[in-house]
Structures are given as C-alpha cells and as structure tokens.
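Right, one structure below, let's go through it.
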C-alpha cells in the first residue's frame, strides 16, 4: 500500500525508525486509523484485515525525522495467536477500542496486560478510543479510559478515523515519547503533523 508524503527542507539531518503495532478487537477502526494517517483517506466500509497489513509513514518532530513501520493486525480471535509475531521487537503500540463498545475496552485492557508481560519492556503504548464521532452512543466514558491509561503509564487519546480528529496527534504523541537518536541522515519524503497536501510515494514491506 502506498504512503503519501511531502518534502521537507534539506536541513533535516536526524532520522529514527520505529516499529509500531496496532492491536484491538475487530471493527474498532484500526485499519481506518492507519489509512487516515498514511493516506488521509477514510472508507466507510473497510474490509477486515487478514493476518496483518504493513504500511510506512514518516513525520517531522523538531529536528528529527521519525519513520514509522506500522503493522496493522487483524482483530478476529482466530488471529490472536499471530499477534506476538508482530509486537515482538516493536518499540510502540496503539491499542485501539471503540468508545461505543464496552467489550472492546475490556479487550483492550487484555492487550495492555499481554504487552506488559511479553513485549519489549520499554515499549511505548498508546490507548486509543476510536469513533469519537459517535459520542452520542458512547459506552466508555472518557474519564474512565483516561484514568486506566494513567494508572498504566499509557498515552491516551480519543480519535475519529472518519473525521480525522486526533489521528495525526496520537502518532505525534508516540513519536514524542519514543527515544530519538542522532544518526545523520537526510530524508526528503516526510510529512509534518499538520500537513494536508501530500505527494504519493510507493511503500513496500521490508
């Protein structure tokens, strides 16, 4: 799948690359979040992910280009056993739930516990309450999820893949918390967090 990016000034001379995994129940909007972040698109009827999908995107944080290698995992129970293959070695994770589904929030907590037990001990985790555009059907209160996130040292944000609310912001929060090195590099194909006009660039799975 392709990613859309825009050139930045050549003065950028630091680059960091991070593996990010998305986890959560089926139909909570994981793929829609990634599609909105990478391509600035939203599809009302998004097909379920089979196994996992791989995408890439970069963004500029201060003087550093942060490159994300994003693994969007399938939410169906039959694919759960494959998850460790994708979160193993990940530096960051987005655990997504649907704010209109209490069950998806409880399942998200299961993912948090699993990562705390089995993933990289320094993994940065963001708890994401998606579908805030359906707040009138809310089943999970903001303060409840925020309190849980604070107790577990998680980034917390509510998003809407449909309206783009907080989508770039949650990836920005990840990039800001992740450690950044000083490897010299010039990357001319990155996006700024507030970028809207982007040029198409092909991406591939490594």
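For the stretch 93-107, name all the residues that are touching a residue at least 12 places away in the same chain (Cβ under 8 Å) and outside any strand (DSSP E or B).
The first filter runs over the stretch 93-107 and keeps only residues touching a residue at least 12 places away in the same chain (Cβ under 8 Å), leaving 93-105, 107.
Once the filter is applied, which keeps residues that are touching a residue at least 12 places away in the same chain (Cβ under 8 Å) and outside any strand (DSSP E or B), the stretch 93-107 yields 99, 100, 101, 102, 103, 104, 105, 107.
Specify which of the listed residues (26, 3) is crowded, with 19+ Cβ neighbours inside 10 Å and modelled with pLDDT under 95. Can you show your working first?
Numbers: 26 fails: crowded, with 19+ Cβ neighbours inside 10 Å.
None of the other options fit; the residue is 3.
State whether one or more residues within the stretch 133-154 are touching a residue at least 60 places away in the same chain (Cβ under 8 Å) and on the phi < 0 side of the Ramachandran plot.
no
Matching residues to (1) under 17 Å from residue 53 (Cα atoms); (2) at pLDDT below 95; (3) more than 18 Å from the chain's Cα centre (by Cα):
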residue	(1), (2), (3)
78	yes, yes, yes
84	yes, yes, no
88	yes, yes, no
91	no, no, no
120	no, yes, no
132	no, no, no
138	no, no, yes
147	no, no, yes
151	no, no, yes
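Could you please let me know if residue 66 is part of a helix (DSSP H, G or I) and touching a helix residue (DSSP H, G or I) at 6+ places or on another chain (Cβ under 7 Å)? Break it down into steps so the answer makes sense when it comes.
Values: part of a helix (DSSP H, G or I): no; touching a helix residue (DSSP H, G or I) at 6+ places or on another chain (Cβ under 7 Å): yes.
Judged against the criteria, residue 66 is not a match.
Kindly indicate whether residue 199 is at pLDDT 95 or above, in contact with a strand residue (DSSP E or B) (Cβ under 9 Å, 6 or more places away or on another chain) and surrounded by fewer than 16 Cβ atoms within 10 Å (Cβ to Cβ).
Answer is no for this residue.
I want to confirm something. Restricting to the stretch 30-57 and keeping residues that are at pLDDT 65 or above and assigned to a loop (DSSP other than H, G, I, E, B), which single residue is farthest from residue 20 (Cα to Cα)? Explain how you work it out, then say what you get.
Initially, the stretch 30-57 is screened for residues at pLDDT 65 or above, giving 30-42, 44, 53-57.
Next cut, assigned to a loop (DSSP other than H, G, I, E, B) only: 40-42, 44.
Details: 40: 18, 41: 20, 42: 20, 44: 24 Å.
Applying the filter and picking the extreme gives 44.
Could you check residue 62 against (1) more than 16 Å from the chain's Cα centre (by Cα); (2) at pLDDT 90 or above and say which number it fails?
In the conditions (1) more than 16 Å from the chain's Cα centre (by Cα); (2) at pLDDT 90 or above, residue 62 misses (2) alone.
Test residue 110 against the criterion of being surrounded by 12 or more Cβ atoms within 10 Å (Cβ to Cβ) and at pLDDT 95 or above, and give yes or no.
So residue 110 fits the description; yes.
Does residue 81 satisfy the condition of being part of a helix (DSSP H, G or I), out of contact with any helix residue (DSSP H, G or I) (no Cβ under 7 Å at 6 or more places or on another chain) and free of Cβ contacts under 8 Å to residues at least 12 places away in the same chain?
Numbers: part of a helix (DSSP H, G or I): yes; out of contact with any helix residue (DSSP H, G or I) (no Cβ under 7 Å at 6 or more places or on another chain): yes; free of Cβ contacts under 8 Å to residues at least 12 places away in the same chain: yes.
Spelling it out, residue 81 is indeed part of a helix (DSSP H, G or I), out of contact with any helix residue (DSSP H, G or I) (no Cβ under 7 Å at 6 or more places or on another chain) and free of Cβ contacts under 8 Å to residues at least 12 places away in the same chain.
Regarding residue 128, is this residue assigned to a helix (DSSP H, G or I), in contact with a helix residue (DSSP H, G or I) (Cβ under 7 Å, 6 or more places away or on another chain), in contact (Cβ under 8 Å) with a residue 24 or more places away in the chain and surrounded by 14 or more Cβ atoms within 10 Å (Cβ to Cβ)?
Criteria not met by residue 128.
Keeping to the stretch 147-171, report how many residues are assigned to a helix (DSSP H, G or I), under 30 Å from residue 14 (Cα atoms) and out of contact with any strand residue (DSSP E or B) (no Cβ under 7 Å at 6 or more places or on another chain).
Of the residues in the stretch 147-171, 2 are assigned to a helix (DSSP H, G or I), under 30 Å from residue 14 (Cα atoms) and out of contact with any strand residue (DSSP E or B) (no Cβ under 7 Å at 6 or more places or on another chain).
Of all residues in the stretch 93-103, how many are within 17 Å of the chain's Cα centre (by Cα) and either more than 13 Å from residue 21 (Cβ to Cβ) or surrounded by fewer than 19 Cβ atoms within 10 Å (Cβ to Cβ) (or both)?
Within the stretch 93-103, residues that are within 17 Å of the chain's Cα centre (by Cα) and either more than 13 Å from residue 21 (Cβ to Cβ) or surrounded by fewer than 19 Cβ atoms within 10 Å (Cβ to Cβ) (or both) number 3.
The values are calculated or read from the model by the stated rules, or taken from the named source; none is laboratory data. Remember, predicted model here, so these are calculated numbers, not experimental data. Please note: Cβ atoms are built from the backbone with ideal geometry, for glycine as well, and neighbour counts cover all protein chains shown.
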